[in-house]
Amino acid sequence: MPVVRPGEHQPACKSALQSASSQRRASCAALLALAAWCIAPSAQAAQAAIAGGKPIRILVGAPAGGTTDTLARTIAQEMSQTLDQPVVVENRPGAGGNIAADMVAKSPADGTTLLMSFTSHTINATLYKKLPFDPIQDFTPITLVATVPSVLVARPNLPANNIPELIRLAKSEPGKLNFGIGAVGSSVHLAGDMFKMMTGTYIVNIPYKGTTPAITDLLAGQVDLMFASTINVAQHVKAGKLKVLGVTSPTPLPQFPGAQPIGATVKGFESSAWFGLFGPANLPPEITQALYQAARHGLEQPAVRKRLETDGAQPSAMPPEAFANFVKQDVKRWATVVKYSGAKPE
């Protein structure tokens, strides 16, 4: 039997070692490829799942230029790049978002027609006695895109500077104070009714045909108070034309230093507008996941997050199953407030 000196190898041994090394490298490469596939599906796989790369429409039940429209266009651009197929936004405003929702509910479940909806999706389930669709059963939740807290603002000379002082003032003079309401049945309208319900106060609602005229009268001192999106009032607060009594988020907002969460005084109070992406009912799981991953990837981009956070929005990217549970719970949560308010659709 030949002797193998130190530093020497039989040709067969050398071949075996090289083969083993190659197998290990191949295995590692395969594992890395599998991990990459699991984390972010390829554009080709997503494209194959969604109608062979046909254009995707995102319907928006609100006019162009608003928060819902802005978020839809932001996420559409990001999804288009990830999926490598066109993603376009179409505005179909009217009936509190119900027109766009009805169109999506009746669309083929192939991933080419989606809905960017907002809080009214769950409010309308109770606000409207009859809808042409079921807000839960007729849709496939894809992801919660973002939430936007609101703030309770007041005319600068209101004799209350925080929530405890406002509650004392409202209880000492029932019916004397009023809320400006930008849109009946909106989340900011119902935030006011939730506040009254939970504090036992009587504050009169003054409805307006839109947020802008309501804010205009608040700035002029014609109304006392208003729940409004952070996006709509930040500039007026910064200029000293309005004062913030509290924020509806569970924690303080950096845009409004010194303003405390209303929930710190009124236990359990919290209200934020939310914006989410839906498909028709029975959307195949592989299409739902492809769309979710594309939306999530877009929301994780630093430039996108910075843009949304600058506008007061908080990116979410909630997974489909969690978003489905969120929608069901939100319908129940707003049902109590809608019934208390007695609100009727305009």
Worksheet item: Here are some conditions: (1) touching a strand residue (DSSP E or B) at 6+ places or on another chain (Cβ under 7 Å); (2) in the same structural domain as Phe133 (by TED's automatic domain parsing); (3) not in a loop (DSSP other than H, G, I, E, B). Leu283 meets all but one. Which one does it not meet?
Response: (3)
Fill in: Matching entry among Val188, Val153, Val204, Val223 (being closer than 19 Å to Leu127 by Cβ and among the hydrophobic types (A, V, I, L, M, F, W, C))
Val188
Discussion item. Can you list residue pairs whose Cβ atoms sit under 6 Å apart, with the first residue in the stretch 260-286 being farther than 24 Å from Asp69 by Cα and the second being assigned to a strand (DSSP E or B) and hydrophobic (A, V, I, L, M, F, W, C)? Count only pairs 6 or more apart in sequence or on different chains.
Written reply: Pro261/Val247
Worksheet item: Which of the residues belonging to the stretch 72-93 are over 10 Å from Val60 (Cα atoms) and of a type in the set (A, V, I, L, M, F, W, C)?
Response: Ile75, Ala76, Met79, Leu83, Val87, Val88
Practice prompt. Evaluate the stretch 169-192: report whether one residue or more is in contact with a His (Cβ under 6 Å, 6 or more places away or on another chain) and either surrounded by 20 or more Cβ atoms within 10 Å (Cβ to Cβ) or not hydrophobic (A, V, I, L, M, F, W, C) (or both).
Written response: yes
Practice prompt. Would you please list the contacts, defined by Cβ atoms under 8 Å and residues six or more apart or on different chains, that run from a residue in the stretch 55-78 that is within 19 Å of Pro135 (Cβ to Cβ) and modelled with pLDDT under 90 to a residue that is surrounded by fewer than 23 Cβ atoms within 10 Å (Cβ to Cβ) and of a type in the set (D, E, K, R)?
Written response: Ala62/Asp69
Worksheet, complete the sentence: When Thr143 is run through (1) buried (at least 18 other Cβ atoms within 10 Å of the Cβ); (2) more than 19 Å from Ile262 (Cα to Cα); (3) not assigned by TED's automatic domain parsing to the domain that holds Gln293, the failure sits at (3)
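The values are calculated or read from the model by the stated rules, or taken from the named source; none is laboratory data. In this text, all values refer to a predicted model and were calculated from it rather than measured experimentally. Neighbour counts are summed over all protein chains in view; Cβ atoms, including those assigned to glycine, are modelled from backbone coordinates with ideal geometry.
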